[in-house]
1. Which of the residues that make up segment B:126-143 are farther than 18 Å from B:VAL106 by Cα and in contact with a helix residue (DSSP H, G or I) (Cβ under 6 Å, 6 or more places away or on another chain)?
2. For A:GLU66, indicate whether it is closer than 22 Å to A:ASP211 by Cβ, surrounded by fewer than 24 Cβ atoms within 10 Å (Cβ to Cβ) and within 32 Å of the chain's Cα centre (by Cα).
3. Do any strands (runs of 3 or more DSSP E) entirely within segment A:142-251 hold 3 or more residues that are over 21 Å from A:ASN96 (Cβ atoms), in contact with a Pro (Cβ under 6 Å, 6 or more places away or on another chain) and in the same structural domain as A:VAL25 (by TED's automatic domain parsing), and if so, which?
4. Would you pick out the residues in segment A:318-356 that are within 11 Å of chain B (Cβ to nearest Cβ) and assigned to a helix (DSSP H, G or I)?
5. I'm checking my understanding of the structure. Among residues of segment A:441-460 that are among the β-branched types (Val, Ile, Thr) and surrounded by 19 or more Cβ atoms within 10 Å (Cβ to Cβ), which one is modelled with the lowest pLDDT?
6. Can you spot a residue in segment B:282-299 that is without any contact (Cβ under 8 Å) to a residue 60 or more places away in the chain, among the β-branched types (Val, Ile, Thr) and over 16 Å from B:THR447 (Cβ atoms)?
7. Tell me which residues, restricted to segment B:111-157, are surrounded by 18 or more Cβ atoms within 10 Å (Cβ to Cβ), more than 30 Å from A:ARG531 (Cβ to Cβ) and in contact with a Gly (Cβ under 8 Å, 6 or more places away or on another chain).
Protein chains: 2
Amino acid sequence: MKAVRVALGQVNPTVGDLIGNAGLVQRFSLKAREANADLVVFPEMVLTGYPPEDLLLEPTFLVATEKTLQTLARQLPKDIAVVLGAPEKKGDRLYNTAVVIHHHRVQHRFRKWFLPNYGVFDEHRYFTPGTTPGVFRWKGIAIGLTVCEDVWKPQGPAPVAVKKGADLLVNLSASPYHAGKNDTRTHVLKQRVRECHVPFLYCNTVGGQDDLVYDGGSRVMDDRGHVLAQSPLFQEDLLVCDVPLKSTTPPVAPAVLPLTREDEILSALTLGTRDYVIKNGFKKIFIGLSGGIDSALTACIAVDALGKENVVGVTLPSRFNARETQQDAARLAKNLGIAFHSVPIEEIVRAFNKTLRPLFKGLSADVTEENLQSRVRGTLLMALANKHGGLVLTTGNKSEMSMGYFTLYGDSAGGFSVIKDIPKTLVYDLSRRVNTRAGFSLIPKDTLTRPPTAELRPNQKDQDTLPPYNVLDTIIQSYVEENKSFKEIVAEGLPSSLVQKTMNTMDAMEHKRRQAPLGIKITPRAFGRDRRMPITNRFRSDQQKKAPPPLKKGGQGGFALALVFAFSLTFPYLVSFPRV
Amino acid sequence: MKAVRVALGQVNPTVGDLIGNAGLVQRFSLKAREANADLVVFPEMVLTGYPPEDLLLEPTFLVATEKTLQTLARQLPKDIAVVLGAPEKKGDRLYNTAVVIHHHRVQHRFRKWFLPNYGVFDEHRYFTPGTTPGVFRWKGIAIGLTVCEDVWKPQGPAPVAVKKGADLLVNLSASPYHAGKNDTRTHVLKQRVRECHVPFLYCNTVGGQDDLVYDGGSRVMDDRGHVLAQSPLFQEDLLVCDVPLKSTTPPVAPAVLPLTREDEILSALTLGTRDYVIKNGFKKIFIGLSGGIDSALTACIAVDALGKENVVGVTLPSRFNARETQQDAARLAKNLGIAFHSVPIEEIVRAFNKTLRPLFKGLSADVTEENLQSRVRGTLLMALANKHGGLVLTTGNKSEMSMGYFTLYGDSAGGFSVIKDIPKTLVYDLSRRVNTRAGFSLIPKDTLTRPPTAELRPNQKDQDTLPPYNVLDTIIQSYVEENKSFKEIVAEGLPSSLVQKTMNTMDAMEHKRRQAPLGIKITPRAFGRDRRMPITNRFRSDQQKKAPPPLKKGGQGGFALALVFAFSLTFPYLVSFPRV
């Protein structure tokens, strides 16, 4: 029975780093050749990194990409077929293309058919879809090409290639991670093999790019859909495997064990953080440690990602901070072995209050004073990072992001927001897992058990202002991630007035999210390019529960009504409460 | 000769305000009926406002929109045909639709063919294109429908409708403003009439929506392309006009005079600011007045937009501020008749320096101390706005945005960035025009003549750090707006090393722009959703000038090279300089 030796280069390219990415392809191709592979496959758009966004509109970028591709072709080993992804400019059209190189030349190009334009994807902004199947012959075998989305739907270029005689199918992907995505991927790929009845090579990219993490999960499947070999998640890998063109006996199960949900998510957070920091040329990280669980988990991830010698913890106590939370911050820093500084904010806050007194005359204390403390802390952390050449990581979670429960220019001041897409209840799960892996209370026990507090006024508790976190996180999942309606969420058994208030607050807080730093997408729908909402927006998602009121004939009835409506619901708008 | 009386409702809807927008349609339709019009046309997606972005993915929103449409239909005068834009959900597809209502019912729907998915547009994310022409008969006339982009290209639904017998064409638009856009629009519409040889009704929306301003420019053209009547730019208008189906004598020239470039842009800035503030439920505005030209122009626009009684000027002097600039700030406030406060920052800065001293030991002063002053000012302005329930307007211009010449969480702290898309040289032109219109030096003379300075250290001038503004603004126009390459820009006669340094800095500052507030799009390509660049991005646009260096065979050659390259160019990354 005929067989072919294949290799998959699950590499970590950097957007825009044409030379570096070409270098990756070259190194992995040489290794594949040394392992006697006939064919090596790389991810979608590996030469540019994915997504290059509007770099694809710069003619200079496209010219440089094509030049790099031609240079690379001349320098690759000649007797292995290298399949890699790159943009292809042809006249005034641009394609998302799989390129085949051997004997120092580009021999074949296949243009992606199905261009995703939903969620985080904008491929119609850049690309024209291809219309012809891609089959090339190499060492007596016909190989059919597909790019990412092409295999996520039936009746794409895969079955067409097989009809044209393909003995083997290849897919080049840049498929971003969300929790559980790899299971979905397995399901989809099996469907394609069942449709096509030939062996299947799936090569996905790995690494972090701004808010996206690619988890890899590259694999080789036989013509019945059995996995013959697969790469580990979240790391670079060269996978080499002999593939029989017709399966004989059932193959041995692959050696890679699946990760638990918590371990998978922690890996994604670590990789996303490491790549954002390193790829942007940073080393040193500053984190404000409050003694709370969000900053504790963020610090643990930062140490995992960058090493304890590159992480600095800073506690910024005021008179509202309990001795216990301060001690927990210090204990965490000690447990992690990171540098730790205490920078009290009282004297600065006093100077602000004194300066503002004439302008605040006769007005009682409110969220203004809470925001102020948070902004003093943000300014101090930024000063440390500016002076020492570092990056501030922010520590807000998805529950806070959704409710606007943070201070703009305060606790949201920083370059990267590690757990931005992690709801609070999941923050607890991940923290417990961190401690289990450490084998001791790396994150102090009290941090895990104390009721969450912002400590911006006496006896403040998150739950005085927010719904209970388990309820809030249920609403976030239903509304933000699953796009459920007010009615559907109430039908799940949650109190109608609470759901209404929560959804309205979520809707009204878009302006705050828009100025917050990027963070890593972990759920099926993260805030940001995954969920694009207008800031100016008078629709509130609970409106469905009542019929639209009758319009008054003539006059300004409808309009005036709308105004009243808007004011009552957007009342808290842009009054940047820290914790309201 | 047969004629028809038509009306165009150039209205200002608010995104998501279904009831308010329906009320607008109702009021304008009644007025049109009172004026004996047979037909009244409203803009694209007038019922939802445009763009509703991901609201279009919420089933609740689409259901509420359709319900509002049905309610509206029952309440409109029955014997006038009302044409308006709304989304149309059909099965699992969504269309961008023109709806025709008369006799209390929806009588006809036409689905937009050409869906823009470039620049600020994402219509492929939401809509399926229509494929059939839209012609409806009303009072013996056949009327052909098109929506916005449908008439920006030849061979769309317009000529097809005419082939099917249309006597008259209608276009519903939500076409955003940039400087000079109305001339382009005139050119395009004349081309369409020349293609179709029937009278043409063009109704565009007006008003501000986040970063977009719609300028209106609705008009009625006869079958030879002569303008019979047109609405003024930048304001709501009901345009009523008798249209002969065949032209006889050349019509009288329309009464609307074109605006000068400066007046047009000032109108756009005023409308965009007013609508952002009002539609989000605000009234009071706070602006930091430095005595410089950017804050002076911003304050003049704010007063025009919202009235002097709603604008508060605040000067925040340090020991680096000259007496002259302080006086200019006070003089401007007096000239505008706005409230004015002086809030010295020295004592707060001293408290910060004292607190930070132990951590800054042995390190000399640098941009950290400059950023600090800017952040103290941002925090004070936000405290005032939080306490008094107002919105802070930021005052940075496009030249500063492009070079990252601002402090994150400092001078960029605020809700809306009025002149964000105005290059510095244009800031001067607009300011001079403001003074001419006022008939005196509303903006003090010295503000216009003094060399720009951030006053964050002794004797600081913008031009110590930035290229001369006329050169910088030329590079911005060529690179950002016209997408020219490094080579092309140098070929225009600018020094190669300056262009290189400037473009590299622009590329490296994406992370700062991403956390800055929204501002009004004025140029053909603004930063933001109009220009989507990755933050993590090792490509530098001057790379084209050299061929890619040869890749080393084996080893980490290529990759290491890329790293060196990246570090040297991204060195300033995220060290948030105020003015570097």
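The values are calculated or read from the model by the stated rules, or taken from the named source; none is laboratory data. All of these numbers come straight from a predicted model, not from anything done at the bench. We place every Cβ from the backbone using ideal geometry, glycine too, and count neighbours over all the protein chains shown.
1. Passing the criteria: only B:TYR126.
2. no
3. Details: elements: A:168-173, A:200-204, A:206-209, A:212-215, A:219-221, A:227-230, A:237-244.
Fully inside segment A:142-251 and qualifying: A:227-230.
4. A:GLU346, A:GLU347, A:ILE348, A:VAL349, A:ARG350, A:ALA351, A:PHE352, A:ASN353, A:LYS354, A:THR355, A:LEU356
5. The qualifying residue modelled with the lowest pLDDT is A:THR453.
6. no
7. Those that are surrounded by 18 or more Cβ atoms within 10 Å (Cβ to Cβ), more than 30 Å from A:ARG531 (Cβ to Cβ) and in contact with a Gly (Cβ under 8 Å, 6 or more places away or on another chain): B:PRO133, B:GLY134, B:VAL135, B:GLY144, B:LEU145, B:THR146, B:PRO157.
One line per residue, one yes/no per condition, for (1) at pLDDT below 95; (2) surrounded by 24 or more Cβ atoms within 10 Å (Cβ to Cβ); (3) closer than 30 Å to A:LEU306 by Cα:
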{"position": "A:LEU189", "(1), (2), (3)": "no, no, no"}
{"position": "A:GLU195", "(1), (2), (3)": "yes, no, no"}
{"position": "A:THR205", "(1), (2), (3)": "no, yes, yes"}
{"position": "A:GLN209", "(1), (2), (3)": "no, yes, yes"}
{"position": "A:VAL213", "(1), (2), (3)": "no, yes, yes"}
{"position": "A:SER218", "(1), (2), (3)": "no, yes, yes"}
